[in-house]
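The next block holds one structure in the form of structure tokens; read it before the comments.
The values are calculated or read from the model by the stated rules, or taken from the named source; none is laboratory data. In this text the structure is predicted, and so the values were computed from the model without any measurement. Counting neighbours? That spans all protein chains shown, and the Cβs are built from the backbone with ideal geometry, glycine included. Ligands, DNA and RNA are excluded from the accessible area calculation, which covers all protein heavy atoms including side chains. Shrake-Rupley method; radii C 1.70, N 1.55, O 1.52, S 1.80 Å.
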Amino acid sequence: MEKKSKLTFRKLVERFSYGCGDFGCNIIYTAMSAFLLFYYTDYAGVSSLAVGTIMMVSRIFDGVSDIIMGVIVDRTKSKFGKARPWMLRMCIPFAVSGILLFSVPASWAAAPKLVYVFITYNLVSTVIYTAINVPYSALNALMTQDPYERSVLSIFRNLLATAGTLLINTFTLPLVEFFGDNAAAWTKTFCVFGLLSIAAFLFTFFGTKERVKAAGSEAKSEEVKDVPFKEGVKALFKNKYWIMMTGMLALFFLMYSVNGGATVFYAKDILGNKDLVGTINGIFNIVQICGMFFIAMLVKRFGKRNVFALGLVLDIIGMLILNFSGGAMALIIVSSVVRGIGNACGGATMWAMVSDTIDYGEWKTGYRTEGLVNSACSFGYKIGNGIGSALLGLILEIGGYVGTAAVQTASALVSIKICFVWIPIIIYVLGLVIMKFYHLDQEFDGIIADLKKRAKN
């Protein structure tokens, strides 16, 4: 159990340092979601369907590597803890792999390009991103067991993650144009972003501390034995709240992949100006960042689950406004504001809810496995992300989208709207259904009290 229930030492610095980890992660994640398919089709000259298929197949490998990394994190023993050492070990490989991702040799034939895409995409998503994101995701539950502090940490995580998203959405295309608006310009752009990601992960490593131990480990003054993998997996599927949150994450990241990847197509082909990506996402992300400063008060009063559900409702309203905006800029701005507030509610609570399922699982089964819980969640949402990437490519292909065409067909425009507007609305509705059965907020205090009693025995 945790020695202190609250983060008492340099709270603000530690919270900011923790959030920097997702700033670094989002530099690559947002780039993959929002611009990678666009880069492949419009600059590297690769088929959207072929790329979508590679992304979906690769997510299977990615999911397996997540589980492996979760076990590795749970068995990591160092003076820095379980999760923090991986921030230091993987920050430079993370930056280099991101650069390679956007360095497809444009002069190569189609088949060698696809081989390069397959290798570099898997290097990033299956190996490097997994090796740094799984331990980072486990870090929240290792820093504190106080539910409010976890929410605050998640708010800082989402604040900095949104800042990373805002950075990528705002500066990627201008930097690409600055460096020559060709395939090589993307490589130079991600050299810049790679250096920023290294700095962010170093902030997380040096600025955070792991405090939480498994129940009984301190009372017995001994190291907790490693949980057998088979038993750990069985414990996961006895954890109903983990199942709910994993399903929620899979749906959300499927939606993020489809919606995020369609944004540049929506701006370019529906609104007629690809530079509006910065406007749409910029307003959305700025509002989300501002909203984060008020979410902690809402969580304290209404609980994480209710705030999360409120965010889903606002997201639905924002998407409907966008769909019926008729391209009017004023309504597009209103939509971005409403969706920004909704996403602030969801982003600030989602990861804290995942951390809470770790304590529930320990209470329910006797096993505390931060790494396995988060890696299995990661497995779920990466499968969702992979399906989303493939779905985006498939829908665009069915709609007849051609990256080099001056004007898209009516069916291609419909396919873009389906990806950008209607798939997200369906996901948000499904999220509300899942949240109807989530009651951990009401049960959490009793669970923690019981775990503390066990620690004393």
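For the condition of a type in the set (V, I, T), open to solvent by 10 Å² or more (accessible area, probe 1.4 Å), without any contact (Cβ under 8 Å) to a residue 24 or more places away in the chain and touching a helix residue (DSSP H, G or I) at 6+ places or on another chain (Cβ under 9 Å), I321 qualifies. Does G403 satisfy the criteria of being modelled with pLDDT under 90 and touching a helix residue (DSSP H, G or I) at 6+ places or on another chain (Cβ under 7 Å)? So G403 fits the description; yes. From the list I447, I423, I398, the one residue that fits, being among the β-branched types (V, I, T), crowded, with 20+ Cβ neighbours inside 10 Å and in a helix (DSSP H, G or I), is I423. Between a first residue in the stretch 395-417 that is of a type in the set (S, T, N, Q) and a second residue that is open to solvent by 40 Å² or more (accessible area, probe 1.4 Å) and in a loop (DSSP other than H, G, I, E, B), which pairs have beta carbons less than 9 Å apart while being 6 or more apart in sequence or on different chains? Hits for this filter: T404/G45; Q408/V402; T409/V402.
Contact annotation: residue pairs with Cβ atoms under 8 Å, 6 or more positions apart or on different chains, pairing a residue in the stretch 338-355 that is open to solvent by less than 10 Å² (accessible area, probe 1.4 Å) with a partner that is not in a helix (DSSP H, G or I), are M353/Y438.
Conditions (1) touching a residue at least 60 places away in the same chain (Cβ under 8 Å); (2) under 15 Å from the mean Cα position of the chain (by Cα), marked per residue:
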{"position": "G247", "(1), (2)": "yes, yes"}
{"position": "I295", "(1), (2)": "yes, no"}
{"position": "N306", "(1), (2)": "yes, no"}
{"position": "G311", "(1), (2)": "no, no"}
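Screening P112 with (1) open to solvent by 20 Å² or more (accessible area, probe 1.4 Å); (2) more than 30 Å from F293 (Cβ to Cβ); (3) in a helix (DSSP H, G or I); (4) touching a residue at least 12 places away in the same chain (Cβ under 8 Å) gives one miss only, at (4).
Taking only the stretch 81-99 into account, find how many residues are over 10 Å from P135 (Cα atoms) and open to solvent by less than 70 Å² (accessible area, probe 1.4 Å).
Here is the first cut: in the stretch 81-99, the ones over 10 Å from P135 (Cα atoms) are 81, 88-99.
Now restrict to residues that are open to solvent by less than 70 Å² (accessible area, probe 1.4 Å): 81, 90-91, 93-95, 97-99.
Residues that pass the stated criteria total 9.
Of the residues in the stretch 34-44, not one is of a type in the set (S, T, N, Q), open to solvent by 40 Å² or more (accessible area, probe 1.4 Å) and not in a loop (DSSP other than H, G, I, E, B).
Among the residues of the stretch 366-387, is any open to solvent by 50 Å² or more (accessible area, probe 1.4 Å) and of a type in the set (D, E)? No, every residue in the stretch 366-387 fails to be open to solvent by 50 Å² or more (accessible area, probe 1.4 Å) and of a type in the set (D, E).
So, of the residues in the stretch 288-315 that are of a type in the set (V, I, T) and open to solvent by less than 30 Å² (accessible area, probe 1.4 Å), which turns out to be modelled with the highest pLDDT?
So in the stretch 288-315, the residues of a type in the set (V, I, T) come out as 289, 295, 299, 307, 313.
In the following step, the residues that additionally are open to solvent by less than 30 Å² (accessible area, probe 1.4 Å) were identified as 295, 299, 307.
Numbers: I295: 84, V299: 86, V307: 93.
Applying the filter and picking the extreme gives V307.
The numbered conditions (1) in a loop (DSSP other than H, G, I, E, B); (2) open to solvent by 50 Å² or more (accessible area, probe 1.4 Å) are all true for K453 except (1).
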